[in-house]
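Input: a single structure, listed below in structure tokens.
The values are calculated or read from the model by the stated rules, or taken from the named source; none is laboratory data. Remember, predicted model here, so these are calculated numbers, not experimental data. Here Cβ is always computed from backbone atoms with ideal geometry, including for glycine, and neighbour counts include all displayed protein chains.
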């Protein structure tokens, strides 16, 4: 059994409730751990136990290997047990296990007072191994494979017969009839010598191993295990080899066992694997029940042994009791019988002593708690730490640290009036932009996507909507679907309602039969219809309806019935065109009646924006499983691996250049040494001054050498500085490449998984969706680009909220109100947004770097802040410019003419990645 901190791992027993459920509720669902056989009621218990087993703190009890998890330790023990049992002599197992059964502690030889026998009791496993090894090292059993030494030649042999000491006469052995061999085997040789209840000396005198004779069959010559070449071959060539196969008579002095089969270490491992002992005082060694039954070991303790165990246990307890009494003090002399007054006085003294002792213990406990509190208070906190453990001090507040997080705006988020619509809208945009390459879609901003979703003029088709729906239809043709899936789902829903006695709710006044009849002839050829780019993707509305008919059903798309009803039917009077043109939410199905069959091409622009979002969200969720998307994700993974390798190489090269630059700077700073050896500084004069001086006085050979050395030094410094400038330029190039790698890494990583930038102290998630997938942060000429141009804040998930509740802080709500503000506290999964650079700067100032989550969040926002700020400014500039152009166009026309939507940015968008664009 694997051990943990030197203690055996105890398996969990089923609870009493589970044991009762076996009879009362046999079909009850439980969690079963197959390896250990443990059963758990809840998944939390199962997961906690699995987490415990996966810790690398277990040790293999057989080999002693540590640093393993439970399953590795268990596998190691089983593997070693299989190897051990295959090597250990099978005939010897029964005798050894019978010998160690009921051995006890301590190591002495006792004479039982009630029975006339000696009881040798063994405590530590090492003592037990020593005793067993001494008894059986020279005793052999029938069927054992041994090594026999015949006149210096060793043979491998098998024991065929064992003759006890009573057959020491050779004539008696020779005259023993073959028919009596079974009786010979039944005599159980070594029964006295292998009994640990008698001493080793007595066992030798009564049943000496040297008095046994063995008939062994020689199997083959023993191979020499020496390292000299040819040594083993020489032994095979000996003439004694002709004895192989014959039956010879030997004694224990001529026999031995292979050390790999029988040694003290092997024996120790075998006994440890086969026996067990309780932790109580004087508990005997016992053979495990399954092994006792297999090898015929008596598993019922004999009465005399049981009495011996009880006497030893009583003796050990008395010994410990006496040691305790000696420690407390010598026993007092026999006292006289006390009077009633003396007894009362003694009782009062005893009670007073007890009160004093309790008071001392209380004071000691209070002092210990006070010291522990002071020590904990003085212990410095190591930052960063858990964010909620970080509190602003008065010093921080006086220093001007921002106390409250800037309030993120929830009102300006598009389609945020209905819960879940904004998330679906954002998810659909992110999917279409990130996977623009396999979908063959050009990039568009979130603002353009929002305006396209709100577009409601059927006479002025929106190319962005046409391209988005067409590419999704093309993609979903490769995703497996069930023909007429929606029709079957609607019919089943109708049947269930009829069986339940419920009336059809009839959204927009259209019954189920009318709807299914209207669906019959729409979009049936959707997987083959050509949606050509040159023709404006004509027919994409009917193709979308056909796609929904084969992919959607009521469970996976609950809004599908009302949406299809609006796509296939129109009112008698065009009373909803005004609301659709204004982009308002759809009217209630109970207040509008649709009767006239219509074409999806006419009716799509009458859908409310949230209904269009539901359609796109559903199609995007299906498209994720397409082969094109999976292939693109695998390609992104490969490119990410290549980028990681390139980044390592670029950093290595940059480090090398920086080291070379430091060496060059060190050489340039060295001052030239003086030529006169005095250590004085030499003033470097101008070359013109030197020429004037040379003309005024005769030239000196020493001065000439100094000038030459100065010139050489000057040239060396100039060369070093030139090399330094070159390396500096190379480092700048590498820095630019590292920036490009980071941007490429973000793009590719967005194609595999989208993760938030991080979480703040209250587990609110911070998202930035720009520069991922097909989008880019930098355009041609270094111009900033954006997708959303905003930072989004999402409320904590349900799991994270549970973590907050588990902290059991009394003032958590007050703290959130203080640090987030009443308007800034977000509910679970609620969204808000920062649209301006100043808001992001204030948010960064609010983040506390002493917390682990906020430190990581602050670092990553700071790293991307130049691109975040540039995108925000570019978006605000585009919105302002578009507003000015709209006002200009509006002033050039009459009020009735309205705004020219054809010149809006979302209407001017063109799909440059369309396959048949040319």
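Assessment of region 435-447 against the conditions (in a helix (DSSP H, G or I), outside the structural domain of residue 882 (by TED's automatic domain parsing), closer than 24 Å to residue 565 by Cβ and in contact with a helix residue (DSSP H, G or I) (Cβ under 8 Å, 6 or more places away or on another chain)) yields no matching residue.
Table: residues versus (1) in contact with a helix residue (DSSP H, G or I) (Cβ under 6 Å, 6 or more places away or on another chain); (2) at pLDDT 85 or above.
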position: 30; (1), (2): no, yes
position: 36; (1), (2): no, yes
position: 58; (1), (2): yes, yes
position: 64; (1), (2): no, no
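Can you spot a residue in region 775-784 that is within 23 Å of residue 874 (Cβ to Cβ), modelled with pLDDT of 95 or more and touching a helix residue (DSSP H, G or I) at 6+ places or on another chain (Cβ under 9 Å)? Scanning region 775-784, I find no residue that is within 23 Å of residue 874 (Cβ to Cβ), modelled with pLDDT of 95 or more and touching a helix residue (DSSP H, G or I) at 6+ places or on another chain (Cβ under 9 Å), so the answer is no. Evaluate the following for residue 544: is it under 28 Å from residue 460 (Cβ atoms), part of a loop (DSSP other than H, G, I, E, B) and touching a helix residue (DSSP H, G or I) at 6+ places or on another chain (Cβ under 9 Å)? Judged against the criteria, residue 544 is not a match. For the criterion of being modelled with pLDDT under 90, surrounded by 12 or more Cβ atoms within 10 Å (Cβ to Cβ) and over 14 Å from residue 11 (Cβ atoms), residue 82 fails.
Identify the single condition in (1) surrounded by 13 or more Cβ atoms within 10 Å (Cβ to Cβ); (2) touching a residue at least 60 places away in the same chain (Cβ under 8 Å) that residue 412 does not satisfy, given that it satisfies every other one. Of (1) surrounded by 13 or more Cβ atoms within 10 Å (Cβ to Cβ); (2) touching a residue at least 60 places away in the same chain (Cβ under 8 Å), only one is false for residue 412: (1).
Condition check for residue 53 on (1) over 30 Å from residue 145 (Cβ atoms); (2) in contact with a helix residue (DSSP H, G or I) (Cβ under 6 Å, 6 or more places away or on another chain); (3) outside any helix (DSSP H, G or I): one failure, at (3).
Of all residues in region 166-181, those being over 20 Å from residue 139 (Cα atoms) and either modelled with pLDDT of 70 or more or part of a helix (DSSP H, G or I) (or both) number 6.
Does residue 467 satisfy the criteria of being at pLDDT 95 or above and either part of a loop (DSSP other than H, G, I, E, B) or under 25 Å from residue 435 (Cβ atoms) (or both)? Yes, satisfied. Residues in region 300-311: is at least one part of a loop (DSSP other than H, G, I, E, B), in contact (Cβ under 8 Å) with a residue 24 or more places away in the chain and outside the structural domain of residue 8 (by TED's automatic domain parsing)? Yes, region 300-311 has at least one match. So for region 295-306 (the condition being surrounded by 15 or more Cβ atoms within 10 Å (Cβ to Cβ), at pLDDT below 80 and under 23 Å from residue 95 (Cβ atoms)), does at least one residue qualify? Among the residues of region 295-306, at least one is surrounded by 15 or more Cβ atoms within 10 Å (Cβ to Cβ), at pLDDT below 80 and under 23 Å from residue 95 (Cβ atoms), which makes the answer yes.
Checking the condition in a loop (DSSP other than H, G, I, E, B), at pLDDT below 90 and exposed (fewer than 14 other Cβ atoms within 10 Å of the Cβ), which residue from 702, 677 passes? Residue meeting the stated conditions: 677. Within the bounds of region 250-258, is there any residue that is at pLDDT 90 or above, in a helix (DSSP H, G or I) and surrounded by 15 or more Cβ atoms within 10 Å (Cβ to Cβ)? Checking region 250-258: at least one residue is at pLDDT 90 or above, in a helix (DSSP H, G or I) and surrounded by 15 or more Cβ atoms within 10 Å (Cβ to Cβ).
Would you check which residues across region 796-814 are surrounded by 10 or more Cβ atoms within 10 Å (Cβ to Cβ) and in a loop (DSSP other than H, G, I, E, B) and list them? Listed by number, the residues that qualify are 796, 797, 807, 809. Is it true that some residue in region 327-345 is modelled with pLDDT under 75, within 30 Å of residue 282 (Cβ to Cβ) and assigned to a helix (DSSP H, G or I)? Checking region 327-345: at least one residue is modelled with pLDDT under 75, within 30 Å of residue 282 (Cβ to Cβ) and assigned to a helix (DSSP H, G or I). Filtering region 387-401 to residues that are closer than 18 Å to residue 759 by Cα and surrounded by 12 or more Cβ atoms within 10 Å (Cβ to Cβ) leaves 387, 388, 389, 390. Looking across region 377-398 at every residue that is part of a loop (DSSP other than H, G, I, E, B) and over 25 Å from residue 825 (Cα atoms), the one that is modelled with the lowest pLDDT is identified as 379.
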